[in-house]
Amino acid sequence: MKQETRKAEIIKTAAKLFKEKGYSAVTMRDLATAIGMKAASLYNHINSKQEILKAIIITIAEEFTRGIDHIINSDLSNISKLKEIVALHVKIAANNTNGMASLNSDWMHLEDQLNYYLQLRNDYENKILGIINSGMESGEIKQGNPEIIMFSMLTTLRSLYLWVPKKENLNSEALAESLSELLIHGINK
């Protein structure tokens with residue numbers, strides 16, 4: 001149990017360093033110094049910096065996948081599903097701003113997990129497009145280019161990790177509601 005706790009601490013500290021400096025600029029020595037241990041001791045808990053990056057990014061990508069699958073399988077209207085997607089992004093960004101920075105900025109360094117990550121991301125985007133298209137077909141969402149709607153939403157939502165840490169008393173529910181109003185109002189008939 002102690003080793004899992006230490007590994008979690010290493011991953012959390014690495015995510016913070018990756019956000020501050022970028023994955024490529026962080027060395028194992030930097031990570032060891034930030035944790036207060038010798039670099040060689042890190043290898044008792046993890047195999048490589050790449051393993052840490054995978055743990056950060058894949059964990060979050062899989063959390064998004066589980067979240068959208070739950071939303072897709074619900075009986076909610078298409079507009080309500082989009083609002084739930086906004087809330088999902090707010091929740092994940094609020095709980096893991098450092099990890100979201102890696103997800104957005106360092107994913108291309110995933111090496112052997114890159115294709116898996118890209119598949120998760122593409123599936124996620126296709127599910128959002130499916131909701132938007134379904135909403136257009138049902139008349140809930142005005143006709144438009146679904147890719148532009150999705151891109152506009154995701155561009156805002158994916159950058160929340162930059163804004164959320166600046167808010168001391170963040171109310172995630174209020175933020176999700178405000179973002180939903182802003183992002184979805186324009187497409188809501």
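The values are calculated or read from the model by the stated rules, or taken from the named source; none is laboratory data. This one's a predicted model, so the numbers in the text were calculated from it and none came from an experiment. All Cβ positions, even for glycine, are placed from backbone atoms using ideal geometry, and neighbour counts span all protein chains on display.
Determine whether residue 53 is over 25 Å from residue 118 (Cα atoms) and buried (at least 16 other Cβ atoms within 10 Å of the Cβ). Before you say what the answer is, go through the steps one by one.
Numbers: over 25 Å from residue 118 (Cα atoms): no; buried (at least 16 other Cβ atoms within 10 Å of the Cβ): yes.
No.
None of 122, 78, 98, 115 is polar (S, T, N, Q) and closer than 18 Å to residue 184 by Cα except 78. For the criterion of being of a type outside the set (A, V, I, L, M), in contact (Cβ under 8 Å) with a residue 12 or more places away in the chain and more than 28 Å from residue 13 (Cα to Cα), residue 78 passes.
Go through segment 139-158 residue by residue and tally those that are polar (S, T, N, Q), part of a helix (DSSP H, G or I) and either more than 17 Å from residue 84 (Cβ to Cβ) or touching a Cys at 6+ places or on another chain (Cβ under 9 Å) (or both). Before you say what the answer is, go through the steps one by one.
First, the residues of segment 139-158 that are polar (S, T, N, Q): 143, 145, 152, 155-156.
Still in the running and part of a helix (DSSP H, G or I): 152, 155-156.
Subset that is either more than 17 Å from residue 84 (Cβ to Cβ) or touching a Cys at 6+ places or on another chain (Cβ under 9 Å) (or both): 152, 155.
Matching residues across segment 139-158 total 2.
Return yes or no: is residue 21 surrounded by 12 or more Cβ atoms within 10 Å (Cβ to Cβ), touching a residue at least 12 places away in the same chain (Cβ under 8 Å) and not small (Gly, Ala, Ser)? Full working, then the answer.
Working: surrounded by 12 or more Cβ atoms within 10 Å (Cβ to Cβ): yes; touching a residue at least 12 places away in the same chain (Cβ under 8 Å): no; not small (Gly, Ala, Ser): yes.
Criteria not met by residue 21.
Does at least one position in segment 47-61 carry a residue that is touching a His at 6+ places or on another chain (Cβ under 7 Å) and either assigned to a helix (DSSP H, G or I) or at pLDDT below 95 (or both)? Within segment 47-61, one or more residues are touching a His at 6+ places or on another chain (Cβ under 7 Å) and either assigned to a helix (DSSP H, G or I) or at pLDDT below 95 (or both).
Hey, could you check segment 117-139 for residues that are more than 14 Å from residue 63 (Cα to Cα) and hydroxyl-bearing (Ser, Thr, Tyr) and say which is surrounded by the most Cβ atoms within 10 Å (Cβ to Cβ)? Checked segment 117-139; the qualifying residue surrounded by the most Cβ atoms within 10 Å (Cβ to Cβ) is 134.
Check whether at least one residue in segment 163-174 is within 16 Å of residue 80 (Cβ to Cβ) and in contact with a helix residue (DSSP H, G or I) (Cβ under 6 Å, 6 or more places away or on another chain), and report yes or no. No; the residues of segment 163-174 include none that is within 16 Å of residue 80 (Cβ to Cβ) and in contact with a helix residue (DSSP H, G or I) (Cβ under 6 Å, 6 or more places away or on another chain). Condition first: under 21 Å from residue 76 (Cβ atoms) and in a helix (DSSP H, G or I). Can you find one or more residues in segment 159-172 that meet it? Scanning segment 159-172, I find at least one residue that is under 21 Å from residue 76 (Cβ atoms) and in a helix (DSSP H, G or I), so the answer is yes. Scanning segment 62-92 for residues that are farther than 26 Å from residue 23 by Cβ and in a helix (DSSP H, G or I) yields a total of 14.
Restricting attention to segment 30-40, the residues that are surrounded by 13 or more Cβ atoms within 10 Å (Cβ to Cβ) and over 25 Å from residue 95 (Cα atoms) add up to 2.
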